[in-house]
Each structure stands twice: as C-alpha cells, then as structure tokens.
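Contents: one structure, followed by commentary.
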Amino acid sequence: MTQEQIRQALNSVPDPNNGKGIVDTGCVGQIIIEDSNVSVELLLPSLDVPYKMPLIQSVESAIADLDSGLTTHVHFTVDQRPESVDSPLPQVKNIIAVASGKGGVGKSTVSVNLALGLQALGAKVGILDADIYGPSMPKMLGLEGQKPPVRQLHGQHKIVPLNAYNMPVMSVGFIVEPEQAVVLRGPRLAGILRQFIEDCLWPELDFLIIDLPPGTGDVQLTLVQTVPVTGAVLVTTPQDVAVADAIKAMNMFKLSNIDVPILGVVENMSWFTPKELPNNKYHIFGKGGGRKLALMSETMLLGNVPLVQSVVDGGDEGKPAFLTEPIIQKAFDEIARNTARQTAIRNELLAATTPVKVSR
Ligand SMILES: Nc1ncnc2c1ncn2[C@@H]1O[C@H](COP(=O)(O)OP(=O)(O)O)[C@@H](O)[C@H]1O
Ligand SMILES: [Mg+2]
C-alpha cells in the first residue's frame, strides 16, 4: 500500500464545505503507513465543526474499501492556512463601486437610489461616499451638519456610521469641509478613505455601495488596494461625450492588476418626462449611450433612469426620489434586481477580487 493509493481513495470523500474531494481541497495533511496501520491527519477550520464524526467514518470506510485489513487512525489539526482573500470588511458580502467618467452624470443619485432599491428587495445595505471632490450624501440623505460619533472598542477608537433610511452611511463630507477637500493630497485622501473602511463600525451588510469620485485617480486606486471590490456599476448619460469618458473609467477597472469586474451600466437622464405629461419621453441627450457602453464593457444595461424634476427636489430635500416618485421607484427596482442578479452571477463564476498589492 502506498501513500498515493491512500490519497486517491481519500479524495472520494467530499469536503463538507464545498463537496470537492478532501485531498483536492487541502484538507488531508500527513499520511503515515506502518504495517497495517494508517494514520491520517485532517486539517479543519476549527476542532469543533459539527461534521467531525461523519468525516472520520467516511475516511475510515474509504480506506477499508481499499484494503479491509488496514486499521485507520484519524487525527485533527486546526487549519492555519489564511483565508483566500483578506478583507478588512469580512462582514460585508458585496462591495459595489459606482463609477463614472465625469461629474454631474448622476453617480450619487444612482448610488442612493440603487441602495434603496436593493434594500426594498430585502437586502441590508450601507453607503460609503468616497467622492472627495463633491461629497453629496450628507445633503441627499438629510444628514448635513451631523458628525458620526466615535466609540471606544477594545481600546481602539472606532467611527460609527450615521443612519439614513435604515442604512449606515459614511461620507467624506461628515469629516472634511468641502474647501479643505480639494487641497488634500493623494496620501492624505487615501488615509481618510482607508479609515472609513478599517476604523469604521460597519454592521453585517449584503451590499456596501461606494460612491466614487468621477474619473480615474488616487481614490479609486486606494479603494481597490484596501478592499476587495466585488464589482463596479458604470453610470453614463446617453451622450457620446459622457460615454467616451465612462470608457476610461471602465478601462481602469479592467487593468490586469486591478481586475474589478464590471457588473453593468446605468444610463441616467435617458429621457425627460414632464410631470404633466407622464407618458411622454423627450430624448434631450440623445439615445443609446448606455447600451453602447454595456456592449463595450461586455456587460448588460442594468436600466434607464428618466430625467424627472422630483429627483432634483428629492436630492435637495434629503429624501431620495425612490421613496416618493413612482417613475424612479420602477426604474430603480429594475436596476436593483439586475444588479443583484449580476452580482450573484459574478460570485458564481469568478473568484473573489483580491485587493491590489502595492509596494510603497
Ligand atoms: N434622473 C435625474 N433626473 C433629474 N435630475 C437628476 C437626475 N439624475 C441626477 N440629477 C441631478 O443632476 C445633478 C447631478 O447629479 P449627481 O447625482 O449629483 O451627479 P454626480 O454624482 O455624477 O456628480 C443633481 O442636481 C441631481 O439632482
Ligand atoms: Mg456625486
């Protein structure tokens, strides 16, 4: 009897965590054969996993099937291998970056209403406003002038996100005055953003929506270096110039050393619908930009958002239009469903994103 034969036999035993053979998943450690005694070391995430006894039985019978004259001794060791991806936010299932090529296309509007749309589907959602140059969450969510409290936890200072519409929210705008923000240099910005992620008490979330600054710069880079971003949602208007800029943002996520999958495209301001003529559509910014970008990024158009007055009013009053305007509710219900589906598909097909490692 050789070790190789034993290993082969043991691989017929499924790993209770994922159903793959226990040799393939690295669950089998040392094997020692002495006469008719076989000693097998199994590596477990902890010593009190509920499947310990059934696993012993499966291992014993796999070896007995090979040669009934063998006696099997199983012993357990706690698996010291690091988790495949180190995330400073292990309690957050999906981190979604909302990005655009230029400002003013509705990135923040999409971030907020997408977050509320996902929440309406039953998900736990948080918002991180990382737009250093124009943090708009304080105003859009009615949190202006408020400061997130700081709590001491195990001797460390932790920031507690504010709450809006049952969502934890952090914004650069809570911490830095707008006129200060524009003069901050890259490393300082990176430090603030890192604190929002590492020193903040984020609860368990299904989605953390990150409102990025427009374009491709330090903040985007810091983000992908700090957290494993599950995917990016690109926002554009139907205009060709907006699409041209959004392509640059798309290309940044696609760089081989960043490699954040694009989940899809939201086309904002697709058409204008006046309040008194709710069935009319005026394509004032042209047509087709969102679909074009979706095609180029090899993803889908998650949905179209019409240009309606209540979005502007809602943004100014701190009450997002998703909560008051049926047209916007309908648009973001679809966008949220598509985003959730695209996220699920992405998680099924691709490995978790690894934060980019940079040497400084
Ligand atoms: N679908 C829309 N209908 C009407 N106004 C909109 C719409 N989307 C955005 N706006 C308005 O356009 C302005 C810019 O939107 P914002 O979300 O702040 O863009 P960004 O974050 O990309 O700079 C805001 O005043 C916002 O209220
Ligand atoms: Mg914005």
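Per residue, how much accessible area does the chain show when a 1.4 Å probe rolls over the protein heavy atoms, in square angstrom? Write down the numbers at each step before the final one.
Numbers: 17690 Å² over 360 residues.
Per-residue accessible area for the chain comes out at 49 Å².
Once label points are set 7 Å from the Cα along Cα→Cβ at both E204 and Y133, what is their separation, rounded to one decimal in nm?
Label at E204, label at Y133, 3.9 nm between them.
Determine, for each peptide in 196-202, 2-8, 320-326, the mean count of other beta carbons within 10 angstrom over its residues, then list the peptides with the highest first.
On the way: 196-202: 18.0, 2-8: 13.7, 320-326: 19.7.
Ranked from most to least packed, the peptides come out as 320-326, 196-202, 2-8.
Arrange the peptides 274-285, 121-132, 237-248 so that the one whose residues have, on average, the most other Cβ atoms within 10 Å appears first. Display every interim value, and only then the final one.
Details: 274-285: 11.5, 121-132: 22.0, 237-248: 19.4.
My ranking of the peptides, most packed first, is 121-132, 237-248, 274-285.
In the chain, which whole DSSP H runs stretch at least 20 Å along their own axis (Cα) and average 0.5 or higher on the Kyte-Doolittle scale?
Values: long enough: 52-66 (22 Å, 0.58); 240-254 (21 Å, 0.56); 326-349 (34 Å, -0.55).
Answer set is 52-66, 240-254.
Could you work out the per residue convex hull volume over the alpha carbons of segment 3-78, in cubic angstrom?
It comes to 76 Å³ per residue, whole-number rounded.
Once the Cβ-Cβ distance between K281 and T324 is put in as r, and R0 is 25 Å, what FRET efficiency do you end up with, to the nearest 0.05?
Values: r = 21 Å, r/R0 = 0.83.
After rounding to 0.05, the efficiency reads 0.75.
When the Karplus curve 6.51 cos²θ - 1.76 cosθ + 1.60 is applied with θ = phi - 60°, which whole-Hz ³J(HN,Hα) does each residue of segment 142-147 get, with x for Gly and Pro?
Each residue's phi maps through the Karplus curve to give x, 10, 4, x, 8, 10 Hz.
Could you state the principal axis extents of the C-alpha atoms in the chain, from the largest down, to the nearest angstrom?
The Cα atoms of the chain stretch 87, 48, 37 Å along the principal axes, largest first.
Can you tell me how segment 240-360 classifies by the Cα gyration tensor, rounded, prolate or oblate, using a/c under 1.5 as the rounded cut? Don't skip to the answer; put the middle values down first.
Working: a/c = 2.15, a/b = 1.83, b/c = 1.17.
Prolate shape, in that a/c is at least 1.5 and a/b is the bigger ratio.
How much of the accessible area of the chain, probe 1.4 Å, is carbon plus sulfur, in whole percent?
Numbers: 9100 of 17690 Å².
Using a 1.4 Å probe with all protein chains present, the chain comes out at 51 percent carbon and sulfur.
Run through the DSSP bridge list for segment 222-360 and note the antiparallel percent, rounded to the nearest 5.
Taking every DSSP beta bridge within segment 222-360, about 10 percent pair in antiparallel fashion.
Where does each of 35-43, 333-341 land if you order them by average Cβ count within 10 Å, highest first? Don't skip to the answer; put the middle values down first.
On the way: 35-43: 16.0, 333-341: 19.7.
Sorting 35-43, 333-341 by mean packing, highest first, produces 333-341, 35-43.
Quick query: amide H of V23 versus all other amide H atoms, modeled in the peptide plane; which residues come in under 5 Å with a sequence gap of 5 or more or a different chain?
Excluding prolines and chain starts, which carry no amide H, the hits are N11.
Show the residues, 5+ positions off or on another chain, whose built amide H is closer than 5 Å to the amide H of V92.
L205
Between S61 and E348, what is the label-to-label distance in nm when each label sits 7 Å out along the Cα-to-Cβ direction?
Once both label points are built, they end up 3.2 nm from each other.
Distance between Cα centroids, segment 246-303 to segment 46-79: provide it in whole Å.
Computed from Cα coordinates, the inter-centre distance equals 54 Å.
Name the long-range amide H neighbours of L162: under 5 Å, sequence gap of 5 or more, or other chain; modelled H, no Pro or chain starts.
Long-range HN contacts for L162: V169.
Got a number for the accessible area of K102? Probe 1.4 Å, square angstrom, nearest 10.
Spelled out: K102, probe radius 1.4 Å, area about 70 Å².
As an exercise, use a Förster radius of 35 Å and the Cβ-Cβ distance of L153 and D316 to find the FRET efficiency, rounded to the nearest 0.05. List each step's numbers first, then the result.
On the way: r = 36 Å, r/R0 = 1.03.
According to the calculation, E is roughly 0.45.
Short version: ³J(HN,Hα) in whole Hz for each residue of segment 19-36, in order, from phi by Karplus 6.51 cos²θ - 1.76 cosθ + 1.60 (θ = phi - 60°), x for Gly and Pro, what are they?
My calculation for segment 19-36 gives x, 7, x, 5, 6, 4, 7, x, 7, 8, x, 6, 10, 10, 10, 10, 6, 9 Hz in order.
The values are calculated or read from the model by the stated rules, or taken from the named source; none is laboratory data. In this text the structure is predicted, and so the values were computed from the model without any measurement. Virtual Cβ from ideal backbone geometry, glycine too; neighbours counted across all protein chains shown. Areas reflect the complete protein model, heavy atoms only, side chains present, ligands, DNA and RNA absent. Shrake-Rupley method; radii C 1.70, N 1.55, O 1.52, S 1.80 Å.
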